[in-house]
Amino acid sequence: MLERFIQKNIESGFKNNKREHQFLNFDGMKNVLILFDSKDWKDVQPIIADLEQNGKNVLAWTVLPKLAKGETHSTDLPETVKAVDLNKELNWMRVLRPEVFNEFANLRYDTLIDLSTQENKYILSLLVRNKSRFCIGITEAEYEKLYDFTLFHENDKTLAETYEQLKIYLAHIQ
């Protein structure tokens, strides 16, 4: 039953999201928002560093999984990464609190890169509300037209290898 609430929330966010779609090449990307699985932080860190070295302003968001009572997250995420903690940020329907969606809505970015490789309804609930002009994914999208560009992450490749391949493609977009 509660699963239905989050599914309805995702569908509503997707249906009500009106964003301007525009392909950007690597040079045209200025402000980049990265969504990623918290377990992949070590792999995402060098990608963020590379984007910053290439003059991009980078924001990073992830979702920390819900833990049993008394357990705490042991992450090495810096304060610059927004970590949505499901132990604190869910309402009674198991949907993200409006404050999280408001904070997400107030972000300024032209490109969103979804580096998440695992299905996560909470990352998806943010993703369907994104305002980017150019949205990139590395997995198959549950919703048609969610991503403007998809480069499938192969299981035998690292996120860094997928990112390097992505950079090559983006360098050739005119």
Open item on the list: Would you confirm whether or not segment 112-121 contains a residue that is over 24 Å from Pro65 (Cβ atoms) and of a type in the set (Lys, Arg)?
Closed with: no
TODO: Tell me which of these His21 doesn't satisfy, since it passes every other one: (1) farther than 28 Å from Pro98 by Cα; (2) over 15 Å from the mean Cα position of the chain (by Cα).
DONE: (1)
Task: Thr150 vs. criteria surrounded by fewer than 19 Cβ atoms within 10 Å (Cβ to Cβ) and closer than 15 Å to His21 by Cβ - done: yes
Task: strands (runs of 3 or more DSSP E) completely within segment 62-174 that count 2 or more residues being among the polar types (S, T, N, Q), out of contact with any Asp or Glu (no Cβ under 7 Å at 6 or more places or on another chain) and free of Cβ contacts under 8 Å to residues at least 24 places away in the same chain - done: none
Task: Complete set of residues in segment 131-146 that are touching a strand residue (DSSP E or B) at 6+ places or on another chain (Cβ under 8 Å) and either at pLDDT 95 or above or surrounded by fewer than 18 Cβ atoms within 10 Å (Cβ to Cβ) (or both) - done: Ser132, Arg133, Phe134, Cys135, Ile136, Gly137, Ile138, Thr139, Glu140, Ala141
Task: Every residue from segment 1-44 that is small (Gly, Ala, Ser) and open to solvent by 50 Å² or more (accessible area, probe 1.4 Å) - done: Ser12
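The values are calculated or read from the model by the stated rules, or taken from the named source; none is laboratory data. The structure presented is a predicted model; accordingly, all values stated were derived computationally and were not measured. All Cβ positions, even for glycine, are placed from backbone atoms using ideal geometry, and neighbour counts span all protein chains on display. Accessible surface is based on the protein model in full, side chains and every heavy atom, while ligands, DNA and RNA are left aside. Shrake-Rupley method; radii C 1.70, N 1.55, O 1.52, S 1.80 Å.
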